[in-house]
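> One structure, as structure tokens, below. Some questions next.
Coordinate-derived values only; no laboratory data. Note that the structure is predicted; figures quoted are calculated from it, not measured. Glycine also receives a Cβ, built like all others from the backbone with ideal geometry; neighbour counts cover every protein chain displayed.
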Amino acid sequence: MPGNIRREHTMKTIRTGENETRQANPDWFTGAVWMEAASAGSSPDAGVFRVSFEPGARTNWHTHPEGQILHVLAGTGRAATEGGPVTEINTGDVVYFAPGEKHWHGAAPDAFMVHLAINPAANSDGGTGWLEPVSDEQYEGNGRSAPPRVSNSTG
């Protein structure tokens, strides 16, 4: 490292069983949702959450001061930003939300969905600004076409 700059490296391991799995706060979600959290703390500065949604379950509209990254671990879900279309998300997909971007995410109406949510927390607590519930109309597509579906047809 150049000059007198000393960088401290700290690896943090949170073992299975050290996190509590709990039902998500019903004030912030529609439907049955379960969360397992590894909260932000010392380096690395991020909140990491494994979130399991039953079919049709979803978050309220919300924001994050430093954005959010979702990695879909299993199932099929939906996500949208304010004014944007509802997008189908599937196992292996990664979704990025910009800092302060109003958005929601959850399971598809007929499928479970599990995602890993990463909330950067380098300059904040990585918290969530919870807002109003997502209406059924917004969940279904906010007056837009239904979420795109993958088709195997060639016609």
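> Pull up all non-local amide H partners of Leu73: gap of 5 or more, or a different chain, and H-to-H distance under 5 Å with H placed in the peptide plane.
The answer is Gly92, Val114, His115, Leu116.
> By count of other Cβ within 10 Å, fewest leading, how are Tyr139, Tyr96 ordered? Write out the running numbers ahead of the final one.
Details: Tyr139 19, Tyr96 10.
Ascending number of Cβ neighbours within 10 Å: Tyr96, Tyr139.
> Taking the number of other C-beta atoms within 10 Å as the exposure measure, put Trp34, Trp61 in order starting with the fewest. Could the numbers behind the result be given before it?
Working: Trp34 16, Trp61 20.
Listing Trp34, Trp61 from fewest to most nearby Cβ atoms yields Trp34, Trp61.
> Based on other C-beta atoms within 10 Å, arrange Val51, Val94 from fewest to most. Don't skip to the answer; put the middle values down first.
Details: Val51 24, Val94 12.
Arranged by neighbour count, lowest to highest, Val51, Val94 become Val94, Val51.
> How long is the gain from Arg22 to Ala122 if the chain were fully straight, where each residue apart is worth 0.36 nm and the alpha carbon distance is subtracted?
Numbers: separation 100, 0.36 × 100 = 36.00 nm, distance 2.58 nm.
Length gained, Arg22 through Ala122: 33.4 nm.
> Assign one of three labels to the range 21-127, namely rounded, prolate or oblate, based on the Cα gyration tensor with a ≥ b ≥ c the square roots of its eigenvalues; rounded applies when a/c is under 1.5, prolate when it is not and a/b is larger than b/c, and oblate otherwise. Show your work: numbers first, answer last.
Values: a/c = 1.65, a/b = 1.34, b/c = 1.23.
The shape class here is prolate.
> Residue by residue through the range 51-61, what is 3J(HN,Hα) from phi via Karplus (6.51 cos²θ - 1.76 cosθ + 1.60, θ = phi - 60°)? Round to whole Hz and write x for glycine and proline.
For the range 51-61, the Karplus curve yields 10, 10, 10, 6, x, x, 6, 7, 6, 6, 4 Hz.
> Hey, another quick one. Could you size up the charge dipole of the range 21-127 around its Cα centre, putting +1 on the beta carbon of Lys and Arg and -1 on that of Asp and Glu, and report it in debye to the nearest 20?
Details: 5 positive and 11 negative charges, 26 e Å.
The calculation lands at about 120 debye.
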